[in-house]
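Okay, so here's the structure we're looking at.
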C-alpha cells in the first residue's frame, strides 16, 4: 500500500528576503525618478500631468486578479 503524500513544508519569509525586496523596490523607484528627469520636457509633462499611472495600476491589478483566479495555488 502506498504512503499518503504529505504537503511540503514551506519556509517562512525572513527579514533578509523582506530587506532584499524592499531594497530592489526602492532602487526601482529611484531609477524611475532619475529616468523621468532625463526625458524631454513634453514627456515629463505627460508623466506628471496625466493619469497614466492610474491606468497602469488598474491594468496590473486586473492582470494579477485574472492570473490568481485562473491558477489557484497548489495545496
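The values are calculated or read from the model by the stated rules, or taken from the named source; none is laboratory data. Since the model is a prediction, treat every value here as computed from it, not as a measurement. Neighbour counts are summed over all protein chains in view; Cβ atoms, including those assigned to glycine, are modelled from backbone coordinates with ideal geometry.
Assorted remarks:
- Cross-chain or 6+ apart pairs with Cβ under 8 Å, the range 26-37 first and over 15 Å from residue 53 (Cα atoms), then surrounded by 10 or more Cβ atoms within 10 Å (Cβ to Cβ): 37/44
- Condition met for residue 31 (surrounded by 10 or more Cβ atoms within 10 Å (Cβ to Cβ), assigned to a helix (DSSP H, G or I), modelled with pLDDT of 95 or more and within 13 Å of the chain's Cα centre (by Cα)): no
- Cross-chain or 6+ apart pairs with Cβ under 9 Å, the range 52-75 first and at pLDDT 85 or above, then surrounded by 10 or more Cβ atoms within 10 Å (Cβ to Cβ): 52/46; 53/47
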